[in-house]
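Trainee: First the structure, then my questions, so here it is.
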Amino acid sequence: TNSSVRWSAGSGILLGDTNNTVDNCVIRYCNYSGTYCAGIFLDALNDDDIDPSHGHVITRNTINAMGRSVIHTGGASGDFADITITYNNFYDCVLLNEDGGIIYGAGLCNNNFEIGYNWFRGVYHYNVGYIYLDHGGGNDVYVHHNVFFPNPIKKGTFNPLAMGPSNYYYNNTFAAETYRYDITFAERWANLKSEAFGATNNIEASADSAIWKFTDPDNGDYTLTENSPARNAGVEIGPFSSRKGKAYPGPTDGFAETAPDLGAYEYGKEPWVAGHTWGNPPEITELFERHTVSDISSLKPAAAPRITLEITGKYLSLKTDDTTPCVIRIFDSRGRTVFSSQVKNASAIAMPHLGAGAYLVRASSAGFTILRKWIIQRN
């Protein structure tokens, strides 16, 4: 609770066993190795390797800048039950990988999953989805009151919802389009609705958001204006129980006017907000800037030269106030040297060809060394 988790080569948080809660946290810059990890990784099995992991709550978090998925639901051999994912701000993931999603599940990701009041945006590869429940997963999932923003990658096989049949979809706003050569989101959504236990009061705005008269969709505000045709256009949906027997309150309980509205927001009620509530943690550079030179003078020679590394176009430039040549080495995530060169002051060298991933850059001169972490992502 109320924590910041950042800069993990693997997952930020691993949830196993039962009844864990991640509440009001900032989780970012994780899985810079680009592997099957995530901001939050749900481990499929309990300690006895028989019962499904269950009872976890993930709420009011801001989770972004992930090498792969924001939330990963274990492996194909496991199962889950009673997982609640609400009021989270999810964005910018699959930065270093070609397969994944904001919420990615591999296997039997069902048994009362509730995904509600979340913002979904920014998946940076084209073979993905915002909610991507793979390998036969994604049944008995309750998806409600979410906003699915337009995705920046407008090509390939992106689907806002890539999941199985037999789910519940109530009061969502879909501004994200499906990008596939053979299907539009309207067609994809029609298929999902035909297979669903329930699909009511949703706004499909991917083709033309103007007709819905949102407040400011260009700046991400999908609340309704007074003249929106979505006002009072919905139907009342009472409490219901999932196929697995979990009771849910009615998704339209407490509507404000003569009938429920369509979409994720109810006109006349205070708009819900996703994400953490306590401001932003300081960046790493800010933490170091708190220390004066006198605080760290004992950690380096008094006459140590200043070294600056800059990337200009295709060239790596080095500048130093010392005439002694520097040695630059670049290491990959396994510690292997992928580049080494001796460089003189104010010279530029051609950047080596590096694939997507995390790298450590070391420049040494006259007994003084600087280290830089590089994360290279695909365009």
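The values are calculated or read from the model by the stated rules, or taken from the named source; none is laboratory data. In this text, all values refer to a predicted model and were calculated from it rather than measured experimentally. A quick note on method: Cβ atoms are made from the backbone with ideal geometry, for glycine too, and the neighbour counts reach across all protein chains shown. The accessibility values were calculated without ligands, DNA or RNA, using every heavy atom of the protein model including side chains. Shrake-Rupley method; radii C 1.70, N 1.55, O 1.52, S 1.80 Å.
Trainee: With no solvent and one point on each alpha carbon, what is the Debye value of log10 I(q)/I(0) for region 151-197 at q = 0.16, 0.20 Å⁻¹?
Mentor: Summing over Cα pairs of region 151-197 leads to -0.43, -0.66.
Trainee: Just list whichever of Lys213/Lys269; Lys344/Lys373; Lys154/Lys373 have alpha carbons separated by over 27 Å in the model shown. Walk me through the intermediate numbers first.
Mentor: Numbers: Lys213/Lys269 17 Å; Lys344/Lys373 22 Å; Lys154/Lys373 30 Å.
Flagged as over cut-off: Lys154/Lys373.
Trainee: Using only the alpha-carbon atoms of region 124-245 as identical scatterers, what base-10 log of I(q)/I(0) does the Debye formula give at q = 0.15, 0.19 Å⁻¹?
Mentor: Once normalised to I(0) and log-transformed, intensities are -0.72, -1.11.
Trainee: Largest first, how would His144, His353 line up by accessible area (1.4 Å probe)?
Mentor: Sorted descending by solvent-accessible area, the residues read His353, His144.
Trainee: Pulled fully out, how much extra length does the chain show between His353 and Thr369, if you take 0.36 nm times their separation in residues and subtract their Cα-Cα distance?
Mentor: The His353-Thr369 span can extend by a further 3.4 nm.
Trainee: Output ³J(HN,Hα) for region 141-151: one whole-Hz value per residue in order, computed from phi by the Karplus curve 6.51 cos²θ - 1.76 cosθ + 1.60 with θ = phi - 60°, and x for Gly and Pro.
Mentor: Whole-Hz 3J(HN,Hα) from phi for region 141-151: 10, 9, 10, 8, 6, 10, 10, 9, 6, x, 8.
Trainee: While we're looking at this one, here's another question. Return, ordered by residue number, the residues of region 146-185 whose backbone nitrogen is under 17 Å from a label point located 7 Å along Cα→Cβ of Ala259.
Mentor: Of the residues in region 146-185, 171-172 have backbone N under 17 Å from the label point off Ala259.
Trainee: Give me the percent of Cα-Cα pairs in region 183-289 that sit more than 17 Å apart, rounded to a whole number. Before the final figure, lay out each step's value.
Mentor: Numbers: 3754 of 5671 pairs.
That tail contains 66 percent of the Cα-Cα pairs.
Trainee: Could you order the peptides 269-281, 20-32, 204-216 from most to least packed, using the average number of other C-beta atoms within 10 Å per residue? Write out the running numbers ahead of the final one.
Mentor: Numbers: 269-281: 13.5, 20-32: 21.7, 204-216: 15.7.
The densest-packed peptide leads the list: 20-32, 204-216, 269-281.
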